[in-house]
Amino acid sequence: MLTAQLIAAVLLALSPRLWRLRQRYDEAALAPITEAPHANPGDESLKLQLAAWLADGAGNGATALPWAHPAAPVPLSCARAPACTASAVRHFGYRLAGYHQLDERSRLGGMAYRIGVQLRPVLWFLPRRADEPWDDAWLADVDETRLAALARWVPRRPTLIVLDNPASGLAARVMAALDHAARHGDHPVRLLILGDDTTKLPLAVRALKPSR
């Protein structure tokens, strides 16, 4: 009887978070990095800048109560890096998303890793780990369909979106579309613009510079 009551209490505590188990990567809005980098570009300075920018205002993802929304002091921010840093950024994003964990594990180990990643958001009281994977997106082509999907998208976990060499004015349109995610999501979103689109954006843009 006590065991049944304990199980019922645990399920009741977890119930506000169980819907998160159904969340999936939104391929209509995002496009993941699919190609593993062949080598480490070695620009540690840029990677440190990227990591610091992601963490700035991201919050720790934990809440006191299971039905509370985690605080993200800066839900949306934007940075810019030269197009020549694409290789280093791709390497950073690949590891940020945890793909290397699957490369380095056995099939069984990879399955265990995936299950752990899926279950962790249910435990509302656990702060986000430093190596916890983010969702990633590498957007080289953004058409009207993807913009519309981005305008409806809500992140399932912290997300890095790389906008690769966008046409003039596109970065501003993508940022406007991400306003919905910033206002209604529980997780920080970071937009990195690669290239020379100098269109004025509604948010301040952090400049990231390669070490060479």
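The values are calculated or read from the model by the stated rules, or taken from the named source; none is laboratory data. Just so you know, these numbers come straight off a predicted model, no measurement behind them. Positions of Cβ are generated from backbone atoms using ideal geometry, with glycine treated the same way; all protein chains shown enter the neighbour counts. Side chains included, ligands, DNA and RNA excluded: accessible areas come from the protein's heavy atoms. Shrake-Rupley method; radii C 1.70, N 1.55, O 1.52, S 1.80 Å.
Remarks
- Listed conditions (1) open to solvent by 20 Å² or more (accessible area, probe 1.4 Å); (2) touching a residue at least 24 places away in the same chain (Cβ under 8 Å); (3) out of contact with any helix residue (DSSP H, G or I) (no Cβ under 8 Å at 6 or more places or on another chain); (4) more than 24 Å from Pro210 (Cα to Cα) are all met by Thr63, apart from (1).
- Apart from one condition, Thr145 fits all of (1) under 23 Å from Ala177 (Cβ atoms); (2) in a helix (DSSP H, G or I); (3) in contact (Cβ under 8 Å) with a residue 60 or more places away in the chain; (4) open to solvent by less than 70 Å² (accessible area, probe 1.4 Å); the exception is (4).
- Test set (1) surrounded by 15 or more Cβ atoms within 10 Å (Cβ to Cβ); (2) assigned to a loop (DSSP other than H, G, I, E, B); (3) among the aliphatic types (A, V, I, L, M); (4) under 15 Å from the mean Cα position of the chain (by Cα) - Leu191 fails condition number: (2)
- A count restricted to the stretch 148-182 and to residues that are farther than 30 Å from Ala64 by Cβ and in a loop (DSSP other than H, G, I, E, B) stands at 5.
- Ala137 in contact with a strand residue (DSSP E or B) (Cβ under 9 Å, 6 or more places away or on another chain), of a type in the set (Gly, Ala, Ser) and within 23 Å of His184 (Cβ to Cβ): yes
- Candidate set from the stretch 194-211 (those that are among the β-branched types (Val, Ile, Thr) and in a loop (DSSP other than H, G, I, E, B)); member that is most open to solvent (accessible area, probe 1.4 Å): Thr198
- Restricting the stretch 95-132 to residues that are basic (Lys, Arg), over 14 Å from Arg156 (Cα atoms) and in a helix (DSSP H, G or I), the residue that is modelled with the highest pLDDT is Arg95.
- For the residues Pro121, Pro73, the requirement of being surrounded by fewer than 19 Cβ atoms within 10 Å (Cβ to Cβ) and over 12 Å from the mean Cα position of the chain (by Cα) singles out Pro73.
- Pairs meeting the criteria (first residue in the stretch 30-45 and over 15 Å from Thr85 (Cα atoms) and touching a residue at least 60 places away in the same chain (Cβ under 8 Å), second residue open to solvent by 40 Å² or more (accessible area, probe 1.4 Å) and part of a loop (DSSP other than H, G, I, E, B), beta carbons under 9 Å, at least 6 apart or on different chains) are Ala31/Ala140; Ala31/Asp141; Pro32/Tyr25.
- Taking the stretch 85-107 as the range and being touching a strand residue (DSSP E or B) at 6+ places or on another chain (Cβ under 9 Å) and open to solvent by 20 Å² or more (accessible area, probe 1.4 Å) as the test, the residues that pass are Ala86, Arg90, Phe92, Tyr94, Leu96, Tyr99.
- Single match in Ser15, Ser45 (criterion: in a helix (DSSP H, G or I), farther than 26 Å from Leu150 by Cβ, modelled with pLDDT of 90 or more and open to solvent by less than 90 Å² (accessible area, probe 1.4 Å)): Ser45
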